[in-house]
1. Hydropathy first: keep DSSP H helices in the chain averaging at least 1.0 on Kyte-Doolittle, then drop any whose Cα extent along the axis falls short of 18 Å, and list what survives.
2. Less than 14 Å Cβ to Cβ from residue 59, Lys/Arg counted +1 and Asp/Glu -1: what total charge do the surrounding residues give?
3. At 222 nm, what value in deg cm²/dmol follows for the chain if DSSP H runs of at least 4 each add -39500 (n - 2.57) and the sum is divided by all its residues, to the nearest 500?
4. At a threshold of 8 angstrom on Cα-Cα distance, excluding pairs fewer than six apart, so keeping six or more, what relative contact order does the range 107-154 reach in percent?
5. With a 10 Å cut-off between alpha carbons and a GNM built on the chain, which of 19, 115, 87 moves the most?
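Just so you know, all these numbers are worked out from the coordinates, no wet-lab data involved. Since we're looking at a predicted model, the values are computed, not measured. Cβ placement follows ideal geometry from the backbone for every residue including glycine, while neighbour counts extend to all protein chains displayed.
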Amino acid sequence: MPPISLPDLIAAGIVGLVVIIMVLVWLTNRKTSAEPYENVTAYDGIEALMHRSSEEGKALLLGMGDGFSGQNTSLGDSNGILVERIVLGRSVFNDQPTRIFSGDGALACISQLVVHGAYKNAMASELFQPENNQLSGVNSFAWMAGLLPELARDGDTGLILSGTLRPEHMLAADLAERQQLPLVAATGSPNAQAAFFASGSLVTLGEDYYLPTVGKHNRNAYQHQAKTMNWLRIVLAVVLIIAALLKLSGVLS
């Protein structure tokens, strides 16, 4: 049996630390906690767009990014699917169906299953229309080129971008601003977050993207995840400070 290396020990220690923190958070949440964390602003914006679409009788556009194209390694792809499921679960009976645009074949297939499942769960399978869930391109620019003409049409209430996005997708934000349509960008890409932040759109910042909660949906899971991340931040900060002091004192070479 080969000897266990130092990186392996560090990795095992980090995993063990995360598990311990998760258990502690779960135990503390069993008791009545203090003031709960507020929802992420961008996800509150998604809820507002869903209400607006229902009240105005207009279509809501959902751009899923270029997803599972193999051109990225983001773990946020599956999170975009979760956001889609939440949106579809709340908009099945709207006057105008939510229109979804994917930038990857695998993502489009999975998205089709999610949409059909939302209608089936609402016992309204007869309202399901496959043409409202489209593959608009097979890469980043092709996906955006297929989305922009739909965004320019009249009768839309807003645009939600969720999943793997890139800085060039700022063109969608620019067109939405020209059309005076509200836009929410939920992505885990730091480059895309920086680009959309400069546009003035509602955007998830940092790891907020991985805490999807719309209204009361996913509320408990959000509280658990947010508290776990906060504890991890504290522990990592303490470890880095201790390591820096040991380095300065010459204990660590």
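1. Details: long enough: 6-29 (34 Å, 2.19); 41-56 (22 Å, -0.74); 76-91 (23 Å, 0.17); 105-121 (24 Å, 0.67); 219-249 (45 Å, 0.71).
Those that pass (Cα extent of 18 Å or more, hydropathy at least 1.0) are 6-29.
2. Numbers: positive: 52, 58, 99, 153; negative: 55, 56, 95, 131, 150, 154, 156.
Here the charged neighbours net out to -3.
3. Working: 8 runs with 135 residues, N = 253.
Result for the chain: -18000 deg cm²/dmol, rounded to the nearest 500.
4. Reported relative contact order: 26 percent.
5. 19
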